[in-house]
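**Student:** Have a look at this one.
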Amino acid sequence: MTSIRPRPNLIPPSPARTAAPQSSAQTAAAAQTSAASRVKESSFESATPARAAAAPQPTAGAWRGGPDTEVGKAIQQMLTRMEGTNITIKGDTPTSLFSRAILDNKHITNEQLIAMTQVKLEQLATSPEDRAKVLEKVPNARDLPVHKFTVAMLSAATGVDPKELSEACPDLGLTGAPNTPILYAAKTERMQRSTALHDFTDYLRGAGVKGVNKAVWGVENRVLSALVSALGGGRY
């Protein structure tokens, strides 16, 4: 009797389900994609702090001389004395107006800046008679923001104590003059800011620092420079 043998399996067995090896091109593409992803993540992470860090602003008047020069030291003292005065008129603080109109004004000389630091209270003080006229017309003159604004600039530039300056010159920041029919507290901020700056330059002229009116207003004369100021002129 013939034995029955199992028939050979004609269907080859299925190959093991293993991942086909990637070609070299596929491997390179995957590596590039991964690297690009890491670059994007790295760039995104590092960009945020870079945008957040503001570029340092140059110090006003720094072009005049370094911190070890006479004018550099004078400027630093002026700006330091002005710190903490946060009164704002027409978008300007005493520091921003002083920096723009005086420190960065090409018509103001280093010699004039140094001369400002040597001015004394008695060179600026209004006479007792004129003080009385001022307080008669504007009793709250010393309480006005424009007065405090002007005092802050002038005391910082000269080194005179602000309280003593306010007491000696209640007319600082008022439009007009005590010995004229015109003396009042300006209502508009444009006029207040202009008056504050003109009082700054003209009081220094009266104290012997010549040429500051001309540097800012284009003319040295007190009346003409006041007119330029009132009309909105000036070189700042």
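The values are calculated or read from the model by the stated rules, or taken from the named source; none is laboratory data. This structure is a prediction, so every number in the text was calculated from the model and none was measured. Counting neighbours? That spans all protein chains shown, and the Cβs are built from the backbone with ideal geometry, glycine included.
**Student:** Hey, could you check region 171-186 for residues that are over 23 Å from Tyr236 (Cβ atoms) and without any contact (Cβ under 8 Å) to a residue 40 or more places away in the chain and say which is surrounded by the fewest Cβ atoms within 10 Å (Cβ to Cβ)?
**Tutor:** Top of the filtered list is Pro181.
**Student:** Given region 83-136, what helices (runs of 4 or more DSSP H) lie entirely inside it while holding 1 or more residues that are free of Cβ contacts under 8 Å to residues at least 12 places away in the same chain and either small (Gly, Ala, Ser) or surrounded by 15 or more Cβ atoms within 10 Å (Cβ to Cβ) (or both)? Full working, then the answer.
**Tutor:** Details: elements: 94-98, 110-116, 121-124.
Here the list reads 94-98.
**Student:** Kindly list, by first and then second residue, each pair from a residue in region 214-232 that is under 18 Å from Thr180 (Cα atoms) and touching a residue at least 24 places away in the same chain (Cβ under 8 Å) to a residue that is small (Gly, Ala, Ser) and part of a helix (DSSP H, G or I), limited to pairs with Cβ atoms under 7 Å and residues at least 6 apart or on different chains.
**Tutor:** From residues that are under 18 Å from Thr180 (Cα atoms) and touching a residue at least 24 places away in the same chain (Cβ under 8 Å), the pairs are Ser229/Ser194; Ala230/Ser194.
**Student:** Sticking with this structure for a sec: Against the definition (at pLDDT 95 or above, within 22 Å of Ala207 (Cβ to Cβ) and not polar (S, T, N, Q)), how does Ile114 come out, yes or no?
**Tutor:** Taking the combined requirement at face value, the residue satisfies it.
**Student:** Which condition from (1) part of a loop (DSSP other than H, G, I, E, B); (2) buried (at least 21 other Cβ atoms within 10 Å of the Cβ); (3) acidic (Asp, Glu) is the one that Glu220 breaks?
**Tutor:** For Glu220, the failing item is (2).
**Student:** Could you count how many residues in region 203-217 are small (Gly, Ala, Ser), over 21 Å from Pro170 (Cα atoms) and in a helix (DSSP H, G or I)? Show your work before the answer.
**Tutor:** Of region 203-217, the ones small (Gly, Ala, Ser) are 206-208, 211, 215.
Narrowing the set further to residues that are over 21 Å from Pro170 (Cα atoms) leaves 211, 215.
If we keep only those that are in a helix (DSSP H, G or I) too, we end up with 215.
Residues meeting the conditions: 1.
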